[in-house]
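The values are calculated or read from the model by the stated rules, or taken from the named source; none is laboratory data. What you see is a predicted model; the values in this text were computed from it and never measured. Neighbour counts are summed over all protein chains in view; Cβ atoms, including those assigned to glycine, are modelled from backbone coordinates with ideal geometry.
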Amino acid sequence: MSILIYAESAEGKLKKVALELASYAKKVAESLGTTVTAVTVNAGNVSELSKYGVDKVLKVNNDKLNSFTAKAYADVIKQAAQKEAAKLVLLSSTTDSIYLAPLVAVALEAGFTSNVVGLPVSTSPFQVKRTAFSNKAFNITEINTDVKVLALAKNTYGIFESTDAINRVSTEEDFNPTIGDADFGVKVASVEKSSGKVSIADADIVVSGGRGLKGPENWGMLEELAGVLGAATACSKPVSDLGWRPHGEHVGQTGKPVATNLYIAIGISGAIQHIAGINSSKVKVVINSDPEAPFFKVADYGVVGDAFEIVPQLTAKLKAFKEHQS
């Protein structure tokens, strides 16, 4: 059962999720006694993939693919899987891959499961553990098709270099799949990107604010805290609806789902939809002046108090700690 992964990149650089996916694939490959091939699209230096277990990289370079189009990218992955006779195709759970994975599965007539949170429970029959009911439960899913497609939930496996990372060198091969006009039925008019900030999709830590911050003019203290932590900033739905913050920062079930190592919620009461969208985060910290805020019921750590006093003090302590460490 050969394995193919789609190693995502942005502006020519591999994303962190690509390395996590490679690490996961390598472990699965070891149990199956097979190899790992990665397919990349318009990525620059892909040599880093070898350290995390990738044996071969199919490099696709095509100006038509500069803007993400799900159907075209799915066609690329399908052709890569067919070329390598891959029986297991792995994608991450980024915004792009969430669109991609079902299309790839249909194209390959493959069984598909999303939100995978661990290594296969069994390989014969093939079973994996995944989250269900907005991350409130787990189930074991069995896939019986010849080709299988999995989408790995973010920040669930981790990034691990292979034991032979120093001596590993992946084979790199230019790959030119056939891409037709039908793949571009949806035209991308423009893409808005934030610059100079950590993106929510790639962040290990997210600092998020709600209506408890009282207005957009108070977001500076969140941005300062995020800067110290190397975190992305986010917000609740009411905040983006009010126009205090861009809609691209809205996280939750109706916004961007996040599965970070640390999620800090400041002035967010904790509506069901918001909690469902961030519940996969490993550690949740809540700062709120209302001790009855629903968020405290799901928090790992909670601070009851005025965010305008607590956040600046927390930021100062973290700065002092970092200066001491350096």
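Output the residues belonging to the range 74-96 that are crowded, with 16+ Cβ neighbours inside 10 Å, assigned to a helix (DSSP H, G or I) and over 17 Å from the mean Cα position of the chain (by Cα). Step through it out loud before you land on a result.
Kept after step one, since they are crowded, with 16+ Cβ neighbours inside 10 Å, are these residues of the range 74-96: 74-81, 84, 86-94, 96.
Within this subset, residues satisfying the condition of being assigned to a helix (DSSP H, G or I) are 74-81, 84, 96.
Within the range 74-96, A74, D75, V76, I77, K78, Q79, A80, A81, E84 qualify.
V17 is checked against (1) touching a helix residue (DSSP H, G or I) at 6+ places or on another chain (Cβ under 6 Å); (2) outside any loop (DSSP other than H, G, I, E, B); (3) touching a residue at least 60 places away in the same chain (Cβ under 8 Å) and fails just one. What number does that condition carry?
With respect to (1) touching a helix residue (DSSP H, G or I) at 6+ places or on another chain (Cβ under 6 Å); (2) outside any loop (DSSP other than H, G, I, E, B); (3) touching a residue at least 60 places away in the same chain (Cβ under 8 Å), V17 is out only on (1).
Identify, by number, the condition in (1) under 22 Å from L14 (Cβ atoms); (2) free of Cβ contacts under 8 Å to residues at least 60 places away in the same chain; (3) crowded, with 17+ Cβ neighbours inside 10 Å that G111 doesn't meet.
(1)
Test I268 against the criterion of being assigned by TED's automatic domain parsing to the domain that holds P216, at pLDDT 95 or above and either within 20 Å of the chain's Cα centre (by Cα) or outside any helix (DSSP H, G or I) (or both), and give yes or no.
Working: assigned by TED's automatic domain parsing to the domain that holds P216: yes; at pLDDT 95 or above: yes; either within 20 Å of the chain's Cα centre (by Cα) or outside any helix (DSSP H, G or I) (or both): yes.
Yes: the conditions hold for I268.
So for the range 294-304 (the condition being of a type in the set (A, V, I, L, M, F, W, C), in a helix (DSSP H, G or I) and farther than 17 Å from N155 by Cβ), does at least one residue qualify? Give the derivation first.
Initial filter on the range 294-304 (of a type in the set (A, V, I, L, M, F, W, C)): 295-296, 298-299, 303-304.
Next, from what is left, pick out any that are in a helix (DSSP H, G or I): 295-296.
Still in the list and also farther than 17 Å from N155 by Cβ: 295-296.
Among the residues of the range 294-304, at least one is of a type in the set (A, V, I, L, M, F, W, C), in a helix (DSSP H, G or I) and farther than 17 Å from N155 by Cβ, which makes the answer yes.
Within the range 246-253, identify whether any single residue is modelled with pLDDT under 95, within 22 Å of the chain's Cα centre (by Cα) and among the hydrophobic types (A, V, I, L, M, F, W, C), and answer yes or no.
Narrowing the range 246-253 to residues modelled with pLDDT under 95: 246-253.
With the extra rule that they be within 22 Å of the chain's Cα centre (by Cα), the set shrinks to 246-253.
Going one step further and asking which of them are among the hydrophobic types (A, V, I, L, M, F, W, C), we end up with 251.
Yes.
Working only within the range 281-302, note down all residues that are surrounded by 14 or more Cβ atoms within 10 Å (Cβ to Cβ) and out of contact with any helix residue (DSSP H, G or I) (no Cβ under 6 Å at 6 or more places or on another chain).
Initial filter on the range 281-302 (surrounded by 14 or more Cβ atoms within 10 Å (Cβ to Cβ)): 281, 284-289, 293-296, 298-299, 302.
Matches in the range 281-302: S281, K284, V285, N288, S289, A293, P294, F295, F296, A299.
Here is a list: V54, V36, V76, V41. Which entry is touching a Pro at 6+ places or on another chain (Cβ under 8 Å) and at pLDDT 95 or above?
Details: V54 fails: touching a Pro at 6+ places or on another chain (Cβ under 8 Å); V36 fails: touching a Pro at 6+ places or on another chain (Cβ under 8 Å); V41 fails: touching a Pro at 6+ places or on another chain (Cβ under 8 Å).
Being touching a Pro at 6+ places or on another chain (Cβ under 8 Å) and at pLDDT 95 or above holds for just one of V54, V36, V76, V41, which is V76.
I'm trying to understand the selection: among the residues of the range 29-73, which are more than 16 Å from K13 (Cα to Cα), of a type in the set (G, A, S) and part of a helix (DSSP H, G or I)?
Hits for the range 29-73 are A29, S31, A70, A72.
Out of I143, I200, which single residue is among the aliphatic types (A, V, I, L, M), touching a strand residue (DSSP E or B) at 6+ places or on another chain (Cβ under 8 Å) and not assigned by TED's automatic domain parsing to the domain that holds N62? Quick ask: steps written out before the conclusion?
Details: I143 fails: not assigned by TED's automatic domain parsing to the domain that holds N62.
After ruling out the rest, the residue left standing is I200.
Among the listed residues D75, D63, D96, identify the single one that is within 28 Å of A182 (Cα to Cα), acidic (D, E) and touching an Asp or Glu at 6+ places or on another chain (Cβ under 6 Å). Break it down into steps so the answer makes sense when it comes.
Details: D63 fails: touching an Asp or Glu at 6+ places or on another chain (Cβ under 6 Å); D96 fails: touching an Asp or Glu at 6+ places or on another chain (Cβ under 6 Å).
So the residue among D75, D63, D96 that is within 28 Å of A182 (Cα to Cα), acidic (D, E) and touching an Asp or Glu at 6+ places or on another chain (Cβ under 6 Å) is D75.
Working only within the range 22-56, note down all residues that are polar (S, T, N, Q), surrounded by fewer than 20 Cβ atoms within 10 Å (Cβ to Cβ) and free of Cβ contacts under 8 Å to residues at least 60 places away in the same chain.
T34, T35, N42, N45
Would you mind finding the one in V106, V116, V121 that is crowded, with 19+ Cβ neighbours inside 10 Å, assigned by TED's automatic domain parsing to the domain that holds N155, on the phi < 0 side of the Ramachandran plot and β-branched (V, I, T)?
Numbers: V106 fails: crowded, with 19+ Cβ neighbours inside 10 Å; V121 fails: crowded, with 19+ Cβ neighbours inside 10 Å.
Step by step, each of V106, V116, V121 is checked, and only V116 is crowded, with 19+ Cβ neighbours inside 10 Å, assigned by TED's automatic domain parsing to the domain that holds N155, on the phi < 0 side of the Ramachandran plot and β-branched (V, I, T).
Kindly list, by first and then second residue, each pair from a residue in the range 208-221 that is free of Cβ contacts under 8 Å to residues at least 40 places away in the same chain to a residue that is among the small types (G, A, S), limited to pairs with Cβ atoms under 7 Å and residues at least 6 apart or on different chains.
W219/G209
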